[in-house]
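*Asks:* Provided herewith is a single structure, encoded as structure tokens, for subsequent inquiry.
The values are calculated or read from the model by the stated rules, or taken from the named source; none is laboratory data. No experiment lies behind these values; they were computed from the predicted model shown. Every residue, glycine among them, receives a Cβ derived from its backbone with ideal geometry; neighbour counts consider all protein chains shown. All accessible areas refer to the heavy atoms of the entire protein, side chains included, with ligands and DNA or RNA removed. Shrake-Rupley method; radii C 1.70, N 1.55, O 1.52, S 1.80 Å.
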Amino acid sequence: MKVAQDRGSGQWSRMVGAARPGDLEKEAREINGKKTMSEREVWYIQRAQALLELGRYQEALETAQAGLPDVADEFFLQRITAQAR
């Protein structure tokens, strides 16, 4: 995906290229006894943020809005939605 290539992150490229949001875990993960965001939350937030940084505002807005129903803590996606407008 072009966004992943522009971002230059190998891990992000693999995650985006290998999955759709529906294929990723919706439940929060636990690492070293601490809860972290689910894979799906990370996917929506990082994709929307990458699109925003690339100036692809409409795509960033669409991604952030699509993720709002799936994300427990909507702060980041709400922020990206506001920035993309």
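*Asks:* For residue 29, state whether it is at pLDDT below 90 and open to solvent by 50 Å² or more (accessible area, probe 1.4 Å).
*Replies:* yes
*Asks:* I've got another one for you. Does residue 66 qualify as being touching a residue at least 24 places away in the same chain (Cβ under 8 Å) and either open to solvent by 80 Å² or more (accessible area, probe 1.4 Å) or closer than 19 Å to residue 84 by Cβ (or both)?
*Replies:* In short, yes.
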